[in-house]
Amino acid sequence: MRLIKKVSLITGASRGIGRGVAIRFAREGAFVIAVARNKDLLRGLEEELSKEGLRIETIQADLSSSPACEEVVSRVVEEYGRIDVLVNNAGILGLRVPIVQITPSEWDMVIATNLNAVFYLSRLAALQMMRQHSGSIINVTSGVVAKPRPNWGAYLPSKFAVEGLTLMMSDELREYGVRVNMIDPGGVRTEMRASAFPDEDPAVLKTPEETTEPFVFLASDESNLITGARLKLR
């Protein structure tokens, strides 16, 4: 129970890593607010945790717009009075083709989900966390940033930008006791990974549940002295 009563907002929580993190946080005693687009998958998450006697709150939302993010954060602060943890996990792969083949609409869709939503939510959460003089923002990045390669469309630039935003915000918020870090989960058995690497054997990959420990660590008081870090999982 390392996250007792920590108000934790988790995006992309209906499947994959986000779902695993939401379940783990609930088991660690956090007040979890799980956000995703798919209402049915969110309902399934609620039902699974209710069997363990655990409760989470779910919000169906498309976070690619600023008004939607404002509505979600306002709802959380109004209900709980604070935000202790923000996990920016929601993301889409987009087309894996050369950049000259990406249309403006495809570019905008990926950037809106993978970067703009991270900015919108992080900015709003940071304003609340600054008032609290505490908080942890955890962004999910990708191994393609560490080793850039061709044919990653808008996805690779979006993750580069998230890493830059993480480092900048970590310095800006340090004096307020707010930490901003990022996690590169590596290869994980998710639908997005299967889309990116269709010939890969999923049996050799980590499960989403196996990635949750560093999220708990960065969300907990155990990491109070850590900010601006990039954790790379095996």
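None of the figures in this text is laboratory data; all of them are computed from the coordinates on show. Please read all numbers here as calculations on a predicted model, not as lab measurements. Virtual Cβ from ideal backbone geometry, glycine too; neighbours counted across all protein chains shown.
For a paramagnetic label modelled on residue 144 (point 7 Å from Cα along Cα→Cβ), amide N atoms under 13 Å away belong, within the range 178-203, to 192-198. Each Lys and Arg contributes +1 and each Asp and Glu -1, all at the Cβ; summed about the Cα centre of the chain, the dipole is approximately 320 debye. The overall shape of the range 1-123 is prolate: from the C-alpha gyration tensor, with semi-axes ordered a ≥ b ≥ c, the ratio a/c is 1.5 or greater and a/b exceeds b/c.
For the chain, what are the DSSP H helices with axial Cα length of 24 Å or more and mean Kyte-Doolittle hydropathy of at least 0.0? Working shown, then result.
Working: long enough: 155-173 (27 Å, 0.41).
Those that pass (Cα extent of 24 Å or more, hydropathy at least 0.0) are 155-173.
Between the C-alpha center of the range 160-234 and that of the range 45-123 there is a gap of 15 Å. Counting alpha carbon pairs within less than 8 Å and at least 6 residues apart, what relative contact order, in whole percent, applies to the range 75-234? Once normalised by length, the contact order is 25 percent. Overall, the anisotropy analysis places the range 147-234 in the oblate class: the square-rooted eigenvalues a ≥ b ≥ c of its C-alpha gyration tensor yield a/c not less than 1.5, with a/b not exceeding b/c.
Computed from label points 7 Å out along Cα-Cβ, the spacing between residue 50 and residue 100 is 5.5 nm.
Sorting 84, 62, 184 by the number of Cβ atoms found within 10 Å of their own Cβ, with the fewest placed first, yields 62, 184, 84.
Label-to-label distance for residue 171 and residue 230 is 1.5 nm, based on points extended 7 Å past Cα in the beta-carbon direction.
Restricting the range 139-234 to GluC sites (Glu not before Pro) that sit in a DSSP loop and have at most 14 other Cβ atoms within 10 Å of their own Cβ leaves 200.
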